[in-house]
Structures are given as C-alpha cells and as structure tokens.
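Participant: Here it is: the structure, laid out below.
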C-alpha cells in the first residue's frame, strides 16, 4: 500500500492533475466526506488528509510514504526538528503548484526603511518564526518575533506588532487591511517529499509515481 499525505484546499486541488498523470483518481471529495483516509481507483494507493504543517512529520515517521507540502512548511519543520529531520525526507521534485511568496508587510504609512536603517528593534508577528529569524538576522535587523497562528494582518492593526511575515498570493488581503508589502523574502511552491525507507522498500511503485509527477509539472 502506498500512502500519500495531503492537506485540504489549494494543495489538494492542484495535486489532482499530477495524480491523474499517474493514473490515480481520488474517489471521494474531501470537502464532502468525513473520512480522513480516502480511497483511490488504485487498490494499492490511498490518500490521508492531514494539516499542512503535519505533512512532513507523517512522511518523516512513516505515517505516509509520500506527501505534498509547501517549501515554507518544510523549512519550519527542519528548524523545529533539527538537521536529523532531513534524514528521512527525500525531496525529489518542486511541483510548481500552490505558488505564492513569503513577504514582510507593514501598515500603510509606516516608515519601514527608516526603521531598519536607524537600527530600530521591530516587533514582527508571524507563523514562520524560523524563516523570519534567519531573514532578519542576515540583514542585521533586530526583531522581537511574536508567533501567531491566526490572521497575521490583525497584529499591526491592533498595535501588537510593527510588521508581519506571511504568505502573499494576490495581495488583496493586505490591501483590504491597509497593509503594504515592503520586502519579498522568498518564492514558495509545493514540493513532493518521500520517506527514504519507503523508497527502498517500495521503490518500483514510488518511482512510477515520481516519474509521472515529473512529466506533468507545468513548465516555467
């Protein structure tokens, strides 16, 4: 049995064409089904639905053989679990799906450039603490990081933070909350991750899926 870990939403939807290229069709709609393990048209392949942040953990510890997750999640996972976390995770493909960017945003009118230039200590709210810490450290900017799990846009509006580090797609949510994007940290897309032990034990089947995904990736 091959187990693929996916999260609901954009990643799930954009993974479906890749699965189709491998001849795999998920037989139930995750938005309508209450099941957390979904069957496919292939008796030896199933999909498990987990939180996006849990995909690397399921793959690392063998709860799933493969998974699809964002680069942002992988970077935070590696920081949380240390260098050893990468040992059981093989990352063969950038799938070029669920694309967005990690950016710094501030309230409209806030002099971010001036604050950075003057060496001010910024309060930054983010879910992505490891990415934000490394980014500001490389710039030599002093920050106090505030970890949040909900809507980041609220933090500057309430005075909790001077800035946020968050994923940006269209930028419409920032605009609606009178925030402006001031720095682009990195581009984000989703990656295929594979458990290394599973790759050895189920090599032929997993390689077939990897090759099918590779052939179906949209060109730049």
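Participant: Taking residue 124 as the residue in question, decide whether it is surrounded by 20 or more Cβ atoms within 10 Å (Cβ to Cβ), assigned by TED's automatic domain parsing to the domain that holds residue 13 and within 22 Å of the chain's Cα centre (by Cα).
Facilitator: So residue 124 fails the test.
Participant: In the list 47, 129, 116, which residue meets the criterion of being modelled with pLDDT of 95 or more and touching a helix residue (DSSP H, G or I) at 6+ places or on another chain (Cβ under 8 Å)?
Facilitator: One residue alone meets the criteria, 129.
Participant: Further, regarding this structure: Looking at region 187-209, which of the residues that are assigned to a helix (DSSP H, G or I) and in contact with a helix residue (DSSP H, G or I) (Cβ under 9 Å, 6 or more places away or on another chain) is surrounded by the fewest Cβ atoms within 10 Å (Cβ to Cβ)?
Facilitator: 197
Participant: So, in region 5-49, how many residues would count as being crowded, with 17+ Cβ neighbours inside 10 Å, more than 18 Å from residue 69 (Cα to Cα), in contact (Cβ under 8 Å) with a residue 40 or more places away in the chain and in contact with a strand residue (DSSP E or B) (Cβ under 7 Å, 6 or more places away or on another chain)?
Facilitator: 2
Participant: Please state which of the following conditions residue 220 fails to meet, knowing it meets all the rest: (1) in contact with a strand residue (DSSP E or B) (Cβ under 8 Å, 6 or more places away or on another chain); (2) touching a residue at least 24 places away in the same chain (Cβ under 8 Å).
Facilitator: (1)
Participant: Could you check how many residues of region 58-73 are farther than 21 Å from residue 20 by Cα and buried (at least 21 other Cβ atoms within 10 Å of the Cβ)?
Facilitator: Matching residues across region 58-73 total 5.
Participant: Same structure, new question: Of the residues that make up region 148-163, is at least one modelled with pLDDT of 95 or more, in contact with a helix residue (DSSP H, G or I) (Cβ under 9 Å, 6 or more places away or on another chain), within 27 Å of residue 6 (Cβ to Cβ) and outside any loop (DSSP other than H, G, I, E, B)?
Facilitator: no
The values are calculated or read from the model by the stated rules, or taken from the named source; none is laboratory data. Being a predicted model, the structure only gives us computed values, none of them experimental. Cβ atoms come from the backbone with ideal geometry, glycine included; neighbour counts cover every protein chain shown.
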